[in-house]
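Undergrad: Would you mind keeping the following structure in view while I ask a few things?
The values are calculated or read from the model by the stated rules, or taken from the named source; none is laboratory data. Given the structure is predicted, the values throughout are model-derived calculations rather than measurements. Heads up, the Cβs are rebuilt from the backbone with ideal geometry, glycines too, and the neighbour counts pull from every protein chain shown. In case anyone asks, the SASA skips ligands and DNA or RNA and just uses the protein heavy atoms, side chains included. Shrake-Rupley method; radii C 1.70, N 1.55, O 1.52, S 1.80 Å.
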Amino acid sequence: MDENRIMQERRRKVEDLRQAGHHPYANDFEMCHEDVARALEVPVEDLPHEDGVSEDQPFYKVAGRLVAAAKFGKAAFLKIRYAGKELQIYIRKDILTESEFLAFKKCEVGDHVGAWGRLFQTRQGKPALRAERFAMITKAVRSLPEKFHGLKDPELRSRMRYVDLVANPEVADVFRKRAKLVSYLRRFMDDRAFVEVETPMMHPLIGGAAAKPFKTRHNALNLDLFLRIAPELYLKRLLVGGLERVYELGRCFRNEGLSRRHNPEFTMLEFYMAYATYQDLMSLTEELVAGAAQVVAGGLKLTVPNVEGEMVEVDFTPPWPKVSVLEATAAGLKKIDDQAPDAQALRDDAIVTAWIDDHDVAAQDDALATALSHAETWGDRIGALFDWFGEPALPVDRPVFVKDYPLAISPLSRKKDDDPVLVDRFELFVAGQELGNAFSELNDPADQRERFQRQVEKKSRGSDETMDYDEDYCRALEYGMPPAAGEGIGIDRLAMLLCGQRSIRDVILFPLLRPESGRTEKKATSKNDEQPTIKAKPPIRGTETP
RNA sequence: GGGCCCAUAGCUCAGAUGGUAGAGCAUCGGACUUUUAAUCCGGCGGUCGCAGGUUCGAUCCCUGCUGGGCUCACCA
């Protein structure tokens with residue numbers, strides 16, 4: 001039976017309902033939003049069997065999507081779902097009107113139906129609502145996926161999320177948890193006197209992170225714009241203006257490939273706190289993430305997907321270990337060469353370059369070779385070595401702060417007062433995955449101008465992921481930005497951890513997909529039943545945490 | 001963009017060394033007033049992703065294309 005035939009049958013039922021005086025898309029059924037949940041709260045033992053149902057019992061008015069039906073001709077059990085809860089409705093021909101029973105006969109899995117009645121316990125000891133009234137509310141003309149195996153094709157699941165959510169109820173749970181996480185984050189920030197702001201998503205300049213942007217255009221102003229890769233520079237302008245604690249929870253866009261951990265459009269929590277340091281933010285981050293684990297996942301010891309997609313145990317109980325970039329890198333190098341330079345020796349660029357040459361590490365890995373060939377300074381080289389050797393060697397059973405990054409790869413961070421080749425910065429790693437990036441902010445306008453200048457020079461040498469020189473931002477700093485620390489946390493990745501999802505696509509309702517082609521336009525045979533093509537309008541996507 | 005794998009009914013999947021194909025669910029008709037993937041009987045349902053090639057014959061082998069998955073690269 002092809003899909004058109006199924007739809008024709010169902011459209012026929014729509015007409016049958018109309019002719020019998022029913023509205024197949026009614027919106028006048030009186031129900032109570034709380035009743036499905038309330039009905040399920042009543043202990044089954046307290047419910048009478050069907051023959052004991054009396055008019056003294058409370059009346060429930062429920063509605064929902066029909067997700068299962070066991071029909072027997074003159075009776076039936078229907079299972080409806082509303083707000084993630086499922087309730088059985090027991091239908092008997094002899095208590096419904098003839099018209100209601102006809103509506104019941106026309107209903108099938110996928111339709112929205114409603115019933116009024118009292119509760120009883122079935123012979124199997126389950127609660128059920130004995131329908132004294134029944135109504136078809138909305139007829140579905142497409143059939144839901146097969147009930148036992150559901151919808152599995154990953155592409156169809158994200159392309160037709162509306163079906164996925166119905167067919168795989170645990171998917172809805174993930175997104176309810178994500179909503180809980182987001183509201184928790186707002187509460188957390190609001191409780192600490194942070195002001196939530198919304199800054200532009202369309203930027204005339206690229207800034208705040210190292211990434212390739214999406215381009216767009218404003219016609220009336222004849223202006224080329226970029227979708228923001230980070231809100232950082234606008235938020236810090238607000239520090240200048242006197243909003244000493246600000247945060248923004250919103251979308252960023254990075255023009256990159258897709259992976260299990262990257263979506264071109266992603267959500268970031270970014271916040272700035274005047275008169276605080278990156279050390280202060282470590283404690284705040286511990287509090288924030290551990291609190292989120294409690295609220296969303298109900299505990300501090302969680303099973304989460306690691307960077308490889310395997311499920312591992314992580315203990316979020318603060319405080320978390322801290323390790324410097326140089327220490328972490330040295331530890332990683334030791335694993336492949338016990339004569340490798342230690343953290344102190346790594347400070348010497350001659351030793352670093354000699355070790356790289358001696359061990360011919362570039363020859364072992366094309367990507368590392370590329371990274372090293374683009375590394376212009378000691379700091380770039382340390383950054384590359386940390387990525388390849390330090391990161392994989394980080395502890396994975398607890399979250400870990402990696403701190404004190406080289407200046408060269410941190411154009412917006414404050415130099416360490418006692419060690420100016422490094423900056424007051426940390427990144428948070430959980431199960432090998434980068435979750436957040438934070439630093440004490442650079443507020444010396446002259447220094448910032450030099451750093452921008454270096455970015456511009458780098459771009460002129462061919463790099464496509466550098467920041468533009470933001471003159472207005474420098475002007476703002478010249479009015480005096482209070483000392484501050486700021487942080488960005490990748491919310492999609494945090495949601496992956498707390499919801500135990502391996503793929504970022506499983507925590508984003510509508511991840512970017514190629515536009516649909518071919519697969520739904522195959523047949524449009526019947527004359528008045530053209531098969532409408534499903535158009536999934538792909539949102540743009542973004543990627544990483546800062 | 002590279003590598004590997006995949007595409008059979010609306011959904012989940014079988015299948016034939018190359019002889020044009022099956023199950024369950026869904027759907028339609030019938031029976032059935034306590035089901036939990038209800039059951040029983042009967043029916044409908046396929047350009048085996050698209051286009052070429054080899055062959056007497058291709059859904060199966062080959063090539064290309066399209067779409068997808070994993071992965072690497074790009075990317076914090």
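Undergrad: Expressed as a whole percentage, what fraction of the accessible surface of the stretch A:140-203 belongs to carbon and sulfur atoms when a 1.4 Å probe is rolled over the protein heavy atoms? Let's see the in-between values first.
TA: Values: 2160 of 3620 Å².
It is 60 percent, rounded to a whole number.
Undergrad: At 1.002 mPa s and 20 °C, plugging the Kirkwood radius over alpha-carbon pairs of the stretch A:349-468 into Stokes-Einstein gives what diffusion coefficient in µm²/s?
TA: On the way: Rh = 15.6 Å.
It comes out at roughly 138 µm²/s.
Undergrad: Where the accessible area of the stretch A:242-330 is counted over protein heavy atoms with a 1.4 Å probe, how much of it, in %, is carbon and sulfur?
TA: Numbers: 1610 of 3300 Å².
Using a 1.4 Å probe with all protein chains present, the stretch A:242-330 comes out at 49 percent carbon and sulfur.
Undergrad: A follow-up question, please. Rounded to the nearest whole Å², what accessible area per residue is found for the stretch A:12-151 with the 1.4 Å probe?
TA: Values: 7610 Å² over 140 residues.
Roughly 54 Å² per residue, with all protein chains present.
Undergrad: Going by the alpha-carbon gyration tensor, a ≥ b ≥ c the square roots of its eigenvalues, is the stretch A:106-159 rounded (a/c under 1.5) or, if a/c is not under 1.5, prolate (a/b greater than b/c) versus oblate? List each step's numbers first, then the result.
TA: Details: a/c = 3.64, a/b = 1.73, b/c = 2.10.
In terms of gyration-tensor shape, oblate.
Undergrad: Which aspartates and glutamates have a Cα lying under 19 Å from the Cα of A:K301, excluding residues fewer than 8 positions away in the same chain?
TA: Qualifying aspartates and glutamates at Cα under 19 Å: A:E286, A:E287, A:E310, A:E313, A:D315, A:D397, A:E434.
Undergrad: How much area per residue is accessible in the stretch A:276-356 when the probe is 1.4 Å and only protein heavy atoms are counted (Å²)?
TA: 43
Undergrad: Further question: Under 8 Å for C-alpha pairs, at least 6 residues apart: give me the relative contact order for the stretch A:193-306, rounded to a whole percent. All intermediate terms of the calculation are to be shown ahead of the outcome.
TA: Details: 162 pairs, mean separation 24.7, N = 114.
For the stretch A:193-306, the relative contact order is 22 percent.
Undergrad: Using 7 Å Cα-to-Cβ label points, what is the A:H359/A:R475 separation (nm, one decimal)?
TA: Spacing of the two 7 Å Cα→Cβ label points: 4.9 nm.
Undergrad: Lysines within cross-link reach of A:K74: Cα-Cα under 16 Å, excluding same-chain residues under 8 positions apart?
TA: Within the straight-line cut-off, A:K74 pairs with A:K93, A:K105, A:K106.
Undergrad: Sticking with this structure for a sec: Find, to one decimal place in angstroms, the Kirkwood hydrodynamic radius of chain A, where the mean of 1/r is taken over every pair of different Cα atoms and then inverted. Don't skip to the end; give the middle numbers.
TA: On the way: mean 1/r = 0.0368 Å⁻¹.
Hydrodynamic radius (Kirkwood, Cα pairs) of chain A is 27.2 Å.
Undergrad: Moving on to the next point. Send over a whole-number figure in Å² for the accessible area per residue of the stretch A:407-518, probe 1.4 Å.
TA: Details: 4310 Å² over 112 residues.
Dividing the accessible area of the stretch A:407-518 by its residue count gives 38 Å².
Undergrad: Please find the FRET efficiency linking A:K334 to A:E132, where r is the Cβ-Cβ separation and R0 is fixed at 60 Å, and quote it to the nearest 0.05.
TA: Values: r = 75 Å, r/R0 = 1.25.
The formula returns an efficiency of 0.20 here.
Undergrad: For a quick protection proxy, order the peptides A:35-44, A:79-88 by their average other-Cβ count within 10 Å, most packed first. Display every interim value, and only then the final one.
TA: Numbers: A:35-44: 15.4, A:79-88: 17.2.
Packing order, densest peptide first, comes out as A:79-88, A:35-44.
Undergrad: Treating cross-link reach as a plain straight distance, find the lysines whose alpha-carbon is under 27 Å from the alpha-carbon of A:K415, omitting any fewer than eight places away in the same chain.
TA: Within the straight-line limit of under 27 Å, A:K415 reaches these lysines: A:K212, A:K236, A:K322, A:K403, A:K458, A:K459.
Undergrad: Where the accessible area of the stretch A:350-452 is counted over protein heavy atoms with a 1.4 Å probe, how much of it, in %, is carbon and sulfur?
TA: On the way: 1940 of 3860 Å².
For the stretch A:350-452, the apolar C and S fraction of the accessible surface comes to 50 percent.
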